[in-house]
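One structure is given below, encoded as structure tokens.
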Amino acid sequence: MASIATRTGDDGTTSLLYGQRVSKDHPQIEAVGAFDELNAAIGFAKTTCPDAPRRAALEQIQHDLVALMGELACAESDRERYEASRFQRIDAAALGRIDAAIATLESQSLRFDGWATPGANLHGSALDLARTVARRAERRLVSLPAGGRTVRPLVAQYTNRIADLLWLLARQAEQP
């Protein structure tokens with residue numbers, strides 16, 4: 001088995017998807033890193049969840065995030081190559097699943113007073129932590145076009161909805 005320590009990043013650079021080297025603080029690497037953190041935070045929330053269908057839904061979001069990270073890890077100059085590849089991408093069905101989950105939660109008339117104060121229970125807190133990481137990832141994502149990296153509108157919409165969904169899930173987890 002090959003070592004994970006390739007040492008190619010010892011100089012402060014890393015590779016984008018098709019091998020282009022960039023600084024480890026490059027905006028795309030920052031965005032991919034923020035979504036990686038979100039994936040880990042959702043994984044933590046998943047482990048605190050007592051409900052099997054919700055765990056499965058959170059895991060589906062994690063799979064979606066892997067596809068999203070792949071797309072973000074591609075240089076603008078390789079975008080057409082990526083689009084022609086067999087790599088998965090966030091699609092309208094993924095956004096539809098999130099929108100449907102939001103609609104279901106909103107139909108439950110969840111109770112909350114103004115700003116949420118996380119900490120009612122472990123699962124709610126884990127979801128709130130994931131929500132704040134989602135908002136940071138969203139901020140990294142929306143900064144990419146200023147640096148010349150195109151972001152599909154669907155990816156931005158999906159990212160925004162994930163944070164909304166996590167907020168609602170946290171409020172539901174706090175219900176008595």
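The values are calculated or read from the model by the stated rules, or taken from the named source; none is laboratory data. Here the structure is a predicted model, which is why all the values come from computation and not from measurement. We place every Cβ from the backbone using ideal geometry, glycine too, and count neighbours over all the protein chains shown.
Residues in the range 58-69 that are farther than 17 Å from Q157 by Cα and buried (at least 17 other Cβ atoms within 10 Å of the Cβ): L58 alone. Considering every residue within the range 116-130, establish whether at least one is among the β-branched types (V, I, T) and modelled with pLDDT of 95 or more. No, that holds for no residue. Every residue in the range 1-15 that is touching a strand residue (DSSP E or B) at 6+ places or on another chain (Cβ under 8 Å) and either assigned to a helix (DSSP H, G or I) or loosely packed, with under 10 Cβ neighbours inside 10 Å (or both), please. Hit for the range 1-15 is G12, nothing else. Looking at the range 59-81, I want the residues that are on the phi < 0 side of the Ramachandran plot and have a partner that is among the basic types (K, R) and surrounded by fewer than 19 Cβ atoms within 10 Å (Cβ to Cβ) with Cβ atoms under 6 Å, at least 6 apart or on another chain. Which pairs are those? What qualifies is A67/R89; E71/R89; E76/R149. Scanning the range 115-144 for residues that are assigned to a loop (DSSP other than H, G, I, E, B) and free of Cβ contacts under 8 Å to residues at least 12 places away in the same chain yields W115, T117, G119. Quick one: would you say A67 is hydrophobic (A, V, I, L, M, F, W, C) and in a helix (DSSP H, G or I)? The answer is yes for A67.
It is to be established whether one or more residues within the range 16-37 are within 16 Å of D164 (Cα to Cα), modelled with pLDDT of 95 or more and not in a loop (DSSP other than H, G, I, E, B). Yes, the range 16-37 has at least one match. Report, by residue number, each residue of the range 122-133 that is under 14 Å from R54 (Cβ atoms) and either exposed (fewer than 14 other Cβ atoms within 10 Å of the Cβ) or of a type outside the set (A, V, I, L, M) (or both). If the condition is that a residue be under 14 Å from R54 (Cβ atoms) and either exposed (fewer than 14 other Cβ atoms within 10 Å of the Cβ) or of a type outside the set (A, V, I, L, M) (or both), then H123, G124 are the ones that fit.
When each of E138, E106, E80 is tested for being of a type in the set (D, E), more than 23 Å from D36 (Cβ to Cβ) and in contact with a helix residue (DSSP H, G or I) (Cβ under 9 Å, 6 or more places away or on another chain), the lone residue that passes is E106. For the range 145-166, a residue qualifies if it is over 14 Å from the mean Cα position of the chain (by Cα) and either part of a helix (DSSP H, G or I) or aromatic (F, W, Y) (or both), and the qualifying residues are P145, A146, G147, P153.
One residue is enough: does the range 39-54 have a residue meeting the conditions in contact (Cβ under 8 Å) with a residue 60 or more places away in the chain, within 15 Å of L141 (Cβ to Cβ) and within 18 Å of the chain's Cα centre (by Cα)? Checked against the condition, which is being in contact (Cβ under 8 Å) with a residue 60 or more places away in the chain, within 15 Å of L141 (Cβ to Cβ) and within 18 Å of the chain's Cα centre (by Cα), the range 39-54 yields no hits at all. One residue stands out among those in the range 167-176 that are in a helix (DSSP H, G or I) and not polar (S, T, N, Q): the one that is surrounded by the fewest Cβ atoms within 10 Å (Cβ to Cβ), which is R171.
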